[in-house]
Amino acid sequence: MALLALVSWLFVSCGSDDTVAGESSSAARTIEITASEYAFNGDPGVIGPGDTIEFDVENVGEIDHSLEVLSSSGTSLGRTERIAPGASASVTVTFDDAGIYRLICDVDDHLSRGQTASISVG
């Protein structure tokens, strides 16, 4: 299932080359995502409960972006710092439970401009 085809993959990712809270030591697999003005693009494939995923985010836009992974309750599972145009960053997250998770950009007003997406785990 294409990440873009999932709920609202119209979000821009913001971040830096560093990862923060929620990072795991080793990912089962890597999902590549591009961030541009108010959209994320990528293909998450099938993600199951217990899977550890490294999200590699490349900013192909013209302004800073980031990527934050939120649980169904809105708890942050991990995020990148700001990612400058042309730069990349990654964040590793373990999806403990089945459910709908959100990917957002929390830079400035990017979320309100629609830079969010949902992924289904399970």
By residue number, the members of the range 50-73 that are out of contact with any Gly (no Cβ under 7 Å at 6 or more places or on another chain) and modelled with pLDDT under 95 are S73
For the range 53-70, indicate whether the set of residues that are assigned to a loop (DSSP other than H, G, I, E, B), in contact with an Asp or Glu (Cβ under 9 Å, 6 or more places away or on another chain), more than 17 Å from V107 (Cα to Cα) and not charged (D, E, K, R) is non-empty. no
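Pick out the one residue from V69, V60, V93 that is open to solvent by 40 Å² or more (accessible area, probe 1.4 Å) and among the hydrophobic types (A, V, I, L, M, F, W, C). Explain how you work it out, then say what you get.
On the way: V69 fails: open to solvent by 40 Å² or more (accessible area, probe 1.4 Å); V93 fails: open to solvent by 40 Å² or more (accessible area, probe 1.4 Å).
After applying the criteria, what remains is V60.
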Among the residues of the range 81-103, how many are in contact (Cβ under 8 Å) with a residue 40 or more places away in the chain and within 13 Å of T34 (Cα to Cα)? 7
Looking only at the range 35-54, which residues are open to solvent by 50 Å² or more (accessible area, probe 1.4 Å) and under 10 Å from H65 (Cβ atoms)? E37, Y38
Yes/no for L77 being touching a residue at least 24 places away in the same chain (Cβ under 8 Å), in contact with a Cys (Cβ under 8 Å, 6 or more places away or on another chain) and open to solvent by 30 Å² or more (accessible area, probe 1.4 Å): no
Top-ranked residue in the range 72-116 [being within 12 Å of the chain's Cα centre (by Cα) and assigned to a loop (DSSP other than H, G, I, E, B); ranked as farthest from N41 (Cα to Cα)]: E81
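The values are calculated or read from the model by the stated rules, or taken from the named source; none is laboratory data. Not measured: the values here are computed from a predicted model. Please note: Cβ atoms are built from the backbone with ideal geometry, for glycine as well, and neighbour counts cover all protein chains shown. Just the protein is used for accessible areas: all its heavy atoms, side chains included, with ligands, DNA and RNA removed. Shrake-Rupley method; radii C 1.70, N 1.55, O 1.52, S 1.80 Å.
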